[in-house]
Structures are given as structure tokens and as C-alpha cells.
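Remarks on the structure that follows.
The values are calculated or read from the model by the stated rules, or taken from the named source; none is laboratory data. Keep in mind it's a predicted model, so treat the numbers as computed, not measured. Cβ coordinates were reconstructed from backbone atoms using ideal geometry, including for glycine residues, and neighbour counts include every protein chain displayed.
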Amino acid sequence: MYKVIGTAKSRAARVLWMLEELGQGYDHDPAGPRSDSVIAHNPAGKVPVLLVDGTPITDSAAIMQFLADRHGALTYPAGTIERAQQDSLLHFLLDEFDAVLWMAARHSFILPEDKRCPEVKSSLKWEFERSQKALVARMGPGPFLMGDKITVPDILLAHCLIWAQGAKFPITEPALEEFLTRMRERPAFQRAMAR
Ligand SMILES: N[C@@H](CCC(=O)N[C@@H](CS)C(=O)NCC(=O)O)C(=O)O
């Protein structure tokens, strides 16, 4: 029923991880961005793409939330206060973590060389540190962002923190280091990364 297109070294890792958490079977095409099998389903050439019985869905956050809703796990139900708080965290992470890391990547190796401004990275690192403080200030005792229950934003956050380590964006908040250690220990994460 499900086919994930996109190398596990990309944001496709989030979708692989989610499917493993949900215990759903899937096929995986580890295609790179802008490859023919990606462009066939997403004219933007971006990964991940999830094929659901052949119908493509793009954008990792939308895909993760779709899967969570469809299988009734890792999410609060739509229309509840908890779901609003969960979505709010998701959007905060997309704005303040994902977008900052993506901007740094664009100015490091994605944009054509003559369009890159590498000096923007020090400003982005400063923003990333500030956003970590803001996130920790709204986190409860855990172990997950929404308390006892793992939800979609936990996977997004853990993936962004791993991305940050690779991009040499320091994780400055001990609570986030501890969160990442816990998330990495999850068998579903390890199965997804084994791909
Ligand atoms: N918001 C999208 C972003 C997708 C995206 O930009 N993916 C990167 C790889 S992680 C990509 O395919 N980049 C190729 C490009 O921008 O040309 C998502 O979360 O899926």
C-alpha cells in the first residue's frame, strides 16, 4: 500500500521512522532528489514522496501527520486542544529548526555557487541556539514533547537534532541532548536507519 521515495539520508528518514513506529509495511525506493523516479511523482524533484496505492503525497510533515491520523497513533485526534498544541509544536519546529537548517544547507551546497552567502550561517547558528531555549521553555517534564505520549513533532525534532549535529549546529540545551538520546534508542528509529 505504501511506497516511500527518497534516500534515508534526507527528510525521507522521518517517513521511514514513522512507518516503523506504526508497524506498517512499505516499499522503499532510496532515490536522490531530482532523480527521474522522484520527478515522475513530484515535479519539484524533492524528497520524500509517499505513494499511497500509487497516489503521491509530498512534504514530510504532511506525510507523517497523514500516517498518524490514518492509523490512529502518534497523534491526538483532530479538533482537540491537545491536537492544537501538537500542531503548534510541529509548526514551531518547521519554522525555527527545519527552516534554519535548510537555509544553512542551501547556502552550503544546494544553491548554485554564485548564489551562496556562507556568512549567513553564523546568524543561523545564533537563531538555532535561541530557538532551542524557546523550545525548552515550553517543554514539560517529558519524556516527549506532549508528555507521556510520543507524537509527530517528536520525530521531527529528533530528526532536526540529528541533522544539526551533521551540519555542526551545536545542540546547546542539555534537555534536547537527553531527548535525542532517548529517541535514538527507539527500535523503530534503529530499524529505519538500518536502511
Ligand atoms: N518541506 C519539504 C522539503 C523537502 C526537501 O526540500 N527535501 C530535500 C531533501 S531533504 C530535497 O529534496 N532537496 C532537493 C532540492 O531542493 O532541490 C519536506 O519536509 O518534505
By residue number, the members of segment 34-53 that are in contact with a helix residue (DSSP H, G or I) (Cβ under 9 Å, 6 or more places away or on another chain) and within 7 Å of the ligand (Cβ to nearest atom) are 45, 46, 47, 48
- Query: Is there a residue being surrounded by 17 or more Cβ atoms within 10 Å (Cβ to Cβ) and among the basic types (Lys, Arg) anywhere in segment 124-134?
  - Reply: yes
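Let's see how each residue does on (1) in contact with a strand residue (DSSP E or B) (Cβ under 8 Å, 6 or more places away or on another chain); (2) assigned by TED's automatic domain parsing to the domain that holds residue 40; (3) without any contact (Cβ under 8 Å) to a residue 12 or more places away in the chain:
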{"site": "93", "(1), (2), (3)": "no, no, no"}
{"site": "108", "(1), (2), (3)": "no, no, no"}
{"site": "111", "(1), (2), (3)": "no, no, yes"}
{"site": "114", "(1), (2), (3)": "no, no, yes"}
{"site": "121", "(1), (2), (3)": "no, no, no"}
{"site": "127", "(1), (2), (3)": "no, no, no"}
{"site": "135", "(1), (2), (3)": "no, no, no"}
{"site": "140", "(1), (2), (3)": "yes, no, yes"}
The residue that is surrounded by the most Cβ atoms within 10 Å (Cβ to Cβ), considering only those in segment 142-176 that are among the charged types (D, E, K, R) and closer than 22 Å to residue 102 by Cβ, is 154
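Does residue 51 meet the test of being touching a Phe, Trp or Tyr at 6+ places or on another chain (Cβ under 6 Å), surrounded by 17 or more Cβ atoms within 10 Å (Cβ to Cβ) and outside the structural domain of residue 131 (by TED's automatic domain parsing)?
Here the answer is no, as residue 51 does not meet what is asked.
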Expected output for segment 32-59 (first residue under 19 Å from residue 2 (Cβ atoms), partner part of a helix (DSSP H, G or I) and of a type in the set (Ser, Thr, Tyr), Cβ below 7 Å, 6+ apart or cross-chain) is 48/60
Those residues of segment 34-43 which are within 15 Å of residue 57 (Cα to Cα) and either in contact with a Lys or Arg (Cβ under 9 Å, 6 or more places away or on another chain) or not assigned by TED's automatic domain parsing to the domain that holds residue 59 (or both) amount to 38
Only one of (1) near the ligand (Cβ under 10 Å from one of its atoms); (2) crowded, with 17+ Cβ neighbours inside 10 Å; (3) of a type in the set (Gly, Ala, Ser) does not apply to residue 8, and that is (1)
With criteria (1) within 24 Å of residue 22 (Cα to Cα); (2) of a type in the set (Phe, Trp, Tyr); (3) in contact (Cβ under 8 Å) with a residue 40 or more places away in the chain, residue 144 comes up short on (3)
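Within segment 143-184, track down each residue that is farther than 22 Å from residue 78 by Cα and of a type in the set (Gly, Ala, Ser). First the steps, then the outcome.
Taking segment 143-184 first, the residues farther than 22 Å from residue 78 by Cα are 143, 158-184.
Scanning segment 143-184 gives 158, 164, 166, 167, 175.
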Per the filter on segment 140-183, residues acidic (Asp, Glu), outside any helix (DSSP H, G or I) and within 22 Å of residue 65 (Cα to Cα) are 148
